[in-house]
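Structure incoming, see below.
The values are calculated or read from the model by the stated rules, or taken from the named source; none is laboratory data. A quick note: this is a predicted structure, and the numbers were derived from the prediction, not measured. FYI the Cβ positions are ideal-geometry reconstructions off the backbone, even for glycines, and counts take in every protein chain you see. Note: areas computed on protein heavy atoms with side chains; ligands, DNA, RNA excluded. Shrake-Rupley method; radii C 1.70, N 1.55, O 1.52, S 1.80 Å.
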Amino acid sequence: MIIDAHHHFWQYDPVEYDWIDDEMSVIRRDFLPVNLQENILETPVEGVISVQARQSLEETDWLLKLASENEFIKGIVGWLPLRQKNIKDLLEKYLGFPALKGVRHVVQGEPDPEFLMGREFNRGIALLKDYGLTYDVLIFAHQLPAAIRFVKQHPEQLFVLDHIGKPEIRHDKIVAWRKDLKELAQCENVFCKVSGMVTEANYRTWTEEQLQPYLETVLDAFGPGRLLFGSDWPVCLVATEYGKWYDLVSRFFSTLSMMNRS
């Protein structure tokens, strides 16, 4: 079964989704399960993992409700207040919802460069493995060194790096990102989502050739066994269609199948 491991739903509100600027105006509307199904029908994707877009328990509960109503939603990555003292009580509560597969915090938006090293945050992270939950690392490329230190503190916790660590593809910056990504990948408890790349490039002028060295780097660093496909729908729509992104990724990785046959 082919799973889209990263996409979002939302009922658009200009205050809650103020990060959707004028250049992204095409996604200033509601995106719900029925809309995603229209997109995946043109691909072999059979199931999806829904990822939080708001940092609230309301968001987590809403995604769990959508998962209970839509069979093709195989799980969710929600948000929990990992720094709160009562986090263990909340984890016990959500243990009753098997659709909750992991949690995420929008670290890329935190002004504190040492946020990932915070004591309370790491206390919450340390509990996740006891509840079978992964943690999605959402950062910019310049935050990778901090992520490396963070991950090394939790060798038994499963991590998933979102959007290949958000390199500055629009400026063709690759050297520092490649070095840091390969160091992070040495931690075998870290997986990586091949997602969110077209929106780190120029929305209108990106090319497959421009993405190629980044795809080659993540494959070399993580190997095929620790990579996940993600569409980042509907955010991807500012730069490409769902089916076109799937085709690009599948064509790149199809070379692996060809190599295995030879």
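Anyone know which of Glu120, Glu110, Glu209 comes out most mobile in the 10 Å Cα GNM of the chain?
Looking only at Glu120, Glu110, Glu209, the largest GNM fluctuation is found for Glu209.
Sort 159-170, 195-206 by packing, meaning the average of other beta carbons within 10 Å per residue, with the highest value first. Walk me through the intermediate numbers first.
Details: 159-170: 22.7, 195-206: 18.7.
Top of the packing list down: 159-170, 195-206.
For the chain, how big is Rg over Rh, using alpha carbon atoms and the Kirkwood form of Rh? Before the final figure, lay out the partial values.
On the way: Rg = 17.7 Å, Rh = 18.9 Å.
On the Cα set of the chain, Rg over Rh gives 0.94.
State to the nearest 20 debye the size of the charge dipole of the chain about its Cα centre, where the only charges are +1 on K and R beta carbons and -1 on D and E beta carbons. All intermediate terms of the calculation are to be shown ahead of the outcome.
On the way: 28 positive and 39 negative charges, 174 e Å.
Here the size comes out at about 840 debye.
Could you check how much of the accessible area of the chain is carbon and sulfur, as a whole percent, using a 1.4 Å probe? Each step should come with its number before you reach the end.
On the way: 6440 of 12490 Å².
Accessible surface attributable to carbon and sulfur in the chain totals 52 percent.
Within the chain, how many Lys pairs that are eight or more residues apart, or on different chains, come under 17 Å at the alpha-carbon?
Lysine pairs meeting both conditions in the chain amount to 20.
Rounded to the nearest 500, what is the chain's calculated 222 nm mean residue ellipticity when only DSSP H runs of at least 4 contribute -39500 (n - 2.57) each, over all residues? Present the calculation step by step, with values, prior to reporting the outcome.
Values: 8 runs with 94 residues, N = 262.
Using -39500 (n - 2.57) per qualifying helix, the result is -11000 deg cm²/dmol.
Taking a quarter of the surface of the Cα convex hull of region 143-262, what do you get in nm²?
On the way: hull surface 30.8 nm².
Averaged projected area of region 143-262's Cα convex hull equals 7.7 nm².
Right, next: Using only the alpha carbons, work out the radius of gyration and Dmax of region 41-133 in angstrom.
According to the Cα coordinates of region 41-133, Rg and Dmax are 14.4, 46 Å.
Under 5 Å between amide H atoms, partner at least 5 residues away or on a different chain: which partners does Asp4 have, H built in plane at 1.01 Å?
Close amide H contacts, sequence-distant or interchain: Glu46, Gly47, Val48, Ile49.
Follow-up question, since we're still on this one. Mind listing the phi-derived Karplus ³J(HN,Hα) values for region 50-67, rounded to whole Hz, using 6.51, -1.76 and 1.60 with θ = phi - 60°, and x for any glycine or proline?
8, 10, 4, 10, 10, 9, 7, 5, 4, 5, 4, 5, 5, 5, 5, 5, 4, 5
To continue, here is another question. Stokes-Einstein D for region 142-183 at 20 °C, 1.002 mPa s, Kirkwood Rh over Cα pairs, in µm²/s? Don't skip to the end; give the middle numbers.
Details: Rh = 11.2 Å.
This corresponds to a translational diffusion coefficient of 192 µm²/s.
Write down the radius of gyration of region 103-146 and its Dmax, each obtained from C-alpha positions, in Å.
When restricted to the Cα atoms of region 103-146, Rg and Dmax are 10.8, 30 Å.
Still on this structure: Which whole-number percent is the relative contact order of the chain (Cα, under 8 Å, 6+ apart)? Write out the running numbers ahead of the final one.
Details: 419 pairs, mean separation 47.8, N = 262.
Computed value for the chain: 18 percent relative contact order.
Counting heavy atoms of the protein chains only and a 1.4 Å probe, report the per residue accessible area for region 69-169 as a whole number of Å².
Working: 4580 Å² over 101 residues.
Dividing the accessible area of region 69-169 by its residue count gives 45 Å².
Next up: So, in Å, what gap is there between the alpha-carbon centers of region 163-214 and region 1-63?
The distance from the Cα centre of region 163-214 to that of region 1-63 comes to 22 Å.
A further question follows. If you plug each phi of region 239-250 into the Karplus form 6.51 cos²θ - 1.76 cosθ + 1.60 with θ = phi - 60°, what whole-Hz ³J(HN,Hα) values come out, in order, with x for Gly and Pro?
These are the phi-based 3J(HN,Hα) values: 10, 6, 7, 3, x, 5, 5, 4, 4, 4, 5, 5 Hz.
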